[in-house]
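Reading through the structure tokens given below for one structure.
What follows is calculated from the coordinates using simple rules that are stated; it is not laboratory data. As the structure is a computational prediction, the values presented were derived from the model and not from experiment. A quick note on method: Cβ atoms are made from the backbone with ideal geometry, for glycine too, and the neighbour counts reach across all protein chains shown.
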Amino acid sequence: MLDYSKLKGGALEPWPPMGDLPFIKVLEGNPTHSGRFDLGGFETRQMVGEWECTPGRFEYTYPGDEICTLLEGRIRVTEKDGTVHEYKAGDTFFTVKNETVTWEVLEKIRKIFFIHNIDNEKLAA
């Protein structure tokens, strides 16, 4: 069992620059991100872990269905139809694979996440 009341706030490692990832397009600022996989990884069907990102604005196309809970910070997420959502620490939201939204990180965020990408063949170990 993963107990995030004990895991949250643990050490995170730098992730590839956002501009190098095919599912992210940086629109404003220089957001940097880091994370930790507690189960799986970029190439697996299930990914569970913790992630943080500095302020900036970027378009994000979800590589899998994702549910996440913000542990700290504040973001504004705009859907393709113009619907705007603001989330803060304690909020949880869900997105579906291939959904494209614009993230605006207003205050550095940290979140826990579960991503399921049915198209990845390799199961998380």
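Just for region 65-94: of the residues that are more than 15 Å from LEU106 (Cβ to Cβ) and hydroxyl-bearing (Ser, Thr, Tyr), which one is surrounded by the most Cβ atoms within 10 Å (Cβ to Cβ)?
The qualifying residue surrounded by the most Cβ atoms within 10 Å (Cβ to Cβ) is THR69.
Could you check region 24-49 and list, in sequence order, the residues that are surrounded by 13 or more Cβ atoms within 10 Å (Cβ to Cβ) and either polar (S, T, N, Q) or not in a strand (DSSP E or B) (or both)?
GLY29, PRO31, THR32, SER34, GLY40, GLY41, PHE42, THR44, ARG45, GLN46
One line per residue, one yes/no per condition, for (1) hydrophobic (A, V, I, L, M, F, W, C); (2) touching a strand residue (DSSP E or B) at 6+ places or on another chain (Cβ under 7 Å); (3) in contact (Cβ under 8 Å) with a residue 12 or more places away in the chain:
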| site | (1), (2), (3) |
| --- | --- |
| CYS53 | yes, yes, yes |
| GLY64 | no, yes, yes |
| GLU72 | no, yes, yes |
| ARG76 | no, yes, yes |
| TYR87 | no, yes, yes |
| PHE93 | yes, yes, yes |
| VAL101 | yes, yes, yes |
| LYS108 | no, yes, yes |
| GLU121 | no, no, yes |
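Quick check on region 102-121: of everything there that is within 13 Å of ARG74 (Cα to Cα) and touching a Gly at 6+ places or on another chain (Cβ under 7 Å), which residue is surrounded by the most Cβ atoms within 10 Å (Cβ to Cβ)?
Of the residues in region 102-121, the ones within 13 Å of ARG74 (Cα to Cα) are 103-111.
Cutting the leftovers down to touching a Gly at 6+ places or on another chain (Cβ under 7 Å) gives us 105, 107-110.
Working: VAL105: 21, GLU107: 12, LYS108: 15, ILE109: 24, ARG110: 18.
Going through the qualifying residues, I end up with ILE109.
Among the listed residues GLU59, GLU99, GLU52, which satisfies the condition of being in contact with a Ser or Thr (Cβ under 9 Å, 6 or more places away or on another chain), buried (at least 17 other Cβ atoms within 10 Å of the Cβ) and within 19 Å of ILE24 (Cα to Cα)?
Working: GLU59 fails: buried (at least 17 other Cβ atoms within 10 Å of the Cβ); GLU99 fails: buried (at least 17 other Cβ atoms within 10 Å of the Cβ).
Exactly one residue qualifies, and that residue is GLU52.
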